[in-house]
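Taken together, the values in this text are just the output of simple stated rules run on the coordinates, not laboratory data. Note that this is a predicted model, so its numbers are computed, not measured. Virtual Cβ from ideal backbone geometry, glycine too; neighbours counted across all protein chains shown.
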Ligand code: 5GP
């Protein structure tokens, strides 16, 4: 039987601002270097050390709107005043090639991905409590009170949508949370539905009379 490649997994790490999803994403990528990152388009300015095409594709609002109009995004959202979006073509090319793709995006985007791609695996990251989330948002030291309150309000709305997700991981400690996320991904690799072709091949070659 011809060895047809199984489609890759689409895994989304999401959660409220301040929950630590960026840190966990970085740690999971270190633990699982075979996961391919989805590189988003953003209209925000690059931060020191960020490279175009590596961390993000830095584009103008006009360019982002043109990509929206051309249906080039798998999902896009306005995240606290900046536009973000996932270019569709590279993600589908990687999945078709059997690569597992890891996303780190906001909850609005995660929701759109689940609607368009129900096989996606959505992981929600949250602090152990709202008090802890507030502490972390304040701890950044860069945000004004008004912004902190806005993000806390959004976080309540995002947590209320937990049922859209497949997994809920509490980030009490970033290393442990990353360990849990890596465990979820490792287990998903053995999911029967996403490995159907491989299992059928195994049954035909080794377990038939
Ligand atoms: P930052 O600008 O700090 O890198 O990211 C700000 C927020 O935008 C984070 O919550 C991040 O998860 C989210 N984000 C990054 N890329 C995308 C994307 O392509 N789509 C959506 N919906 N959110 C994104």
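Calculated FRET efficiency, residue 176 and residue 152, Cβ-Cβ r, R0 22 Å, to nearest 0.05?
Plugging the Cβ-Cβ distance into 1/(1 + (r/R0)^6) gives 0.35.
Work out the FRET efficiency for residue 23 and residue 208 from their Cβ-Cβ distance, taking R0 = 45 Å, and round it to the nearest 0.05.
That pair, residue 23 with residue 208, gives E of 0.40.
Evaluate the distance, in nm, between pseudo-label points positioned 7 Å from the Cα of residue 140 and of residue 201 along their respective Cα→Cβ axes.
Once both label points are built, they end up 4.4 nm from each other.
Note down the Stokes-Einstein diffusion coefficient of the stretch 89-207 in µm²/s, whole number, using a Kirkwood radius over alpha carbon pairs, 20 °C, and 1.002 mPa s.
The calculation lands on 127 µm²/s.
Let me have the 222 nm mean residue ellipticity of the chain computed from DSSP H runs of 4+ only, each contributing -39500 (n - 2.57), with the sum over all residues rounded to the nearest 500.
-13000 deg cm²/dmol, from helical runs alone.
Based on the alpha carbon coordinates of the chain, what radius of gyration and maximum Cα-Cα distance (Dmax) apply, in Å?
Here Rg and the maximum Cα pair distance are 18.5, 70 Å.
What distance in nm separates the two pseudo spin-label positions at residue 186 and residue 97, each 7 Å out from Cα along the beta-carbon direction?
Going from the residue 186 label point to the residue 97 one covers 2.6 nm.
How far apart, in nm, are two points set 7 Å out from the Cα along the Cα-to-Cβ line at residue 115 and at residue 58?
3.1 nm
Order 87-97, 40-50 from most to least packed using the mean count of other Cβ atoms within 10 Å.
Ranked by mean Cβ neighbours within 10 Å, highest first: 87-97, 40-50.
What Rg and what Dmax come out for the stretch 146-209 when only alpha-carbon atoms are used, in angstroms?
19.5, 69
Viscosity 0.890 mPa s, temperature 25 °C: give me the Stokes-Einstein translational D for the stretch 125-173 in µm²/s, with Rh taken as the Kirkwood radius over C-alpha pairs.
Rounded, D is 212 µm²/s.
Taking the 0 to 90 degree range and rounding to the nearest ten, how far is the long axis of helix 145-159 tilted relative to the main principal axis of the chain, both from C-alpha atoms?
Once rounded, the angle reads 30 degrees.
In the P(r) worked out for the stretch 1-101, what percent of Cα pairs fall beyond 21 Å?
For the stretch 1-101, the share of Cα pairs beyond 21 Å comes to 42 percent.
Let me have the relative contact order for the chain, percent, based on Cα pairs under 8 Å that are six or more residues apart.
Contact order relative to length: 32 percent.
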